[in-house]
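These notes concern the structure reproduced below.
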Amino acid sequence: MTEDTSNKSNGRRVMRPTLKPRDLLTEQPEWHGVWTAQIITLLPDAFPGMLGQSLTGKALRENLWALRTINLRDFGIGKHKNVDDTPAGGGAGMVLRADVLDEAIQTAGSTARGNMPLIYLSPRGKRFDQAMAREWASYDGVTLLCGRFEGVDQRVLDAYRIQEVSLGDFVMTGGELAAQAMLDATIRLLPGVLGNAESIEEESHSNGLLEHPQYTRPAEWRGRTIPEVLMSGHHGNIEKWRREQAEEITKDRRPDMWEKFGGS
């Protein structure tokens, strides 16, 4: 179910009177319901985007998770609803204002519940990975702050102790696409979304290795055949082959993962 910042919700809320920056992540209102993603963004129409398609979209419609967008422009200053200003000390670009962000974060806090951390999508943050996706899936939800322009006023990150997370070692025009990618990786781990827990355990990164090659019909295509072991019906040999393939691929393509896995 997709929601805006009105008083609608998937469940009942118990409101506390005030929120302070330092305790926003621990003393939150309780919003009883499903795993929830809140997105603070200048582009609310970008959501659900791809999250509204395929299995994540089906899960959204079936209320296996919920989405709320918070439009940063609603908290803009003056007639033109300005949300940014020039960098202190000079320089190119614009920076999202602390006072504007503060209002949006307070609004997000008023509808958050339980363990629902506030995260800023930033190229200088800790890199997102499968382990982090599993951690997010164990929460009651997440609130993601999508940056734009040159970023956000550092004082907001410090005041709210916001965790910074990066999709990878590259720079994007904003956090919205990164948010969708991270949420897709997380939501598919929620109970009932994929419907096959075994497939999650076997895929890349789940056990520290990249996934083995996959094949399906036809048995022969352009002179290329499916490896004989996969057609043998011998489950022990198939499992052994898949493990060997996963190890070889990881060693060749991701030596960093292979070293972390403990390979030699």
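Observations on the structure shown:
- Test: residue in segment 46-64 that is over 20 Å from the mean Cα position of the chain (by Cα) and either open to solvent by 70 Å² or more (accessible area, probe 1.4 Å) or closer than 18 Å to GLN180 by Cβ (or both): no
- Within segment 217-246, the set of residues being open to solvent by 50 Å² or more (accessible area, probe 1.4 Å) and either assigned to a helix (DSSP H, G or I) or of a type in the set (A, V, I, L, M, F, W, C) (or both) comprises ALA219, TRP221, GLU228, MET231, HIS235, ASN237, GLU239, LYS240, ARG242, ARG243, GLU244, GLN245.
- Residue in segment 99-109 that is over 24 Å from ALA185 (Cα atoms), open to solvent by 80 Å² or more (accessible area, probe 1.4 Å) and among the aliphatic types (A, V, I, L, M) present: no
Residues are listed down the side, and each one gets a yes or a no for (1) over 24 Å from ASP85 (Cα atoms); (2) modelled with pLDDT under 95:
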residue	(1), (2)
ALA112	yes, yes
ASP129	yes, no
MET132	yes, no
ALA137	yes, no
LEU144	no, no
GLY147	no, yes
LEU157	no, no
LEU167	yes, no
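- Residue count for segment 208-260, restricted to those that are within 24 Å of ALA131 (Cβ to Cβ) and in contact with a Ser or Thr (Cβ under 7 Å, 6 or more places away or on another chain): 5.
- Residue that is nearest to ARG134 (Cα to Cα), among those in segment 155-188 that are over 16 Å from the mean Cα position of the chain (by Cα) and of a type in the set (Val, Ile, Thr): VAL171
- Residues in segment 72-98 that are outside any helix (DSSP H, G or I) and of a type in the set (Lys, Arg) were compared, and the one that is surrounded by the fewest Cβ atoms within 10 Å (Cβ to Cβ) is LYS79.
- Number of residues in segment 99-151 that are assigned to a helix (DSSP H, G or I) and either closer than 15 Å to ASN71 by Cα or among the hydroxyl-bearing types (Ser, Thr, Tyr) (or both) equals 13.
- Residue match in segment 118-125 (condition: open to solvent by less than 10 Å² (accessible area, probe 1.4 Å), in contact (Cβ under 8 Å) with a residue 24 or more places away in the chain, more than 15 Å from ARG148 (Cβ to Cβ) and among the aliphatic types (A, V, I, L, M)): yes
- THR69 being surrounded by 18 or more Cβ atoms within 10 Å (Cβ to Cβ), in a strand (DSSP E or B) and touching an Asp or Glu at 6+ places or on another chain (Cβ under 8 Å): yes
- Each residue in segment 161-171 was checked for being open to solvent by 10 Å² or more (accessible area, probe 1.4 Å) and within 19 Å of LEU101 (Cβ to Cβ), and 4 of them qualify.
- Checking each residue in segment 128-148 for being in contact with a strand residue (DSSP E or B) (Cβ under 9 Å, 6 or more places away or on another chain) and surrounded by fewer than 16 Cβ atoms within 10 Å (Cβ to Cβ) picks out only TYR139.
- From the list SER166, SER110, the one residue that fits, being of a type in the set (S, T, N, Q) and free of Cβ contacts under 8 Å to residues at least 60 places away in the same chain, is SER166.
- Scanning segment 66-102 for residues being touching a Leu at 6+ places or on another chain (Cβ under 6 Å) and among the hydrophobic types (A, V, I, L, M, F, W, C) gives a total of 2.
The values are calculated or read from the model by the stated rules, or taken from the named source; none is laboratory data. Just so it is clear, the model here is predicted, and its values are computed rather than measured. Methodologically, a virtual Cβ is constructed for each residue, glycine included, from the backbone with ideal geometry; neighbour enumeration extends over all protein chains shown. Areas reflect the complete protein model, heavy atoms only, side chains present, ligands, DNA and RNA absent. Shrake-Rupley method; radii C 1.70, N 1.55, O 1.52, S 1.80 Å.
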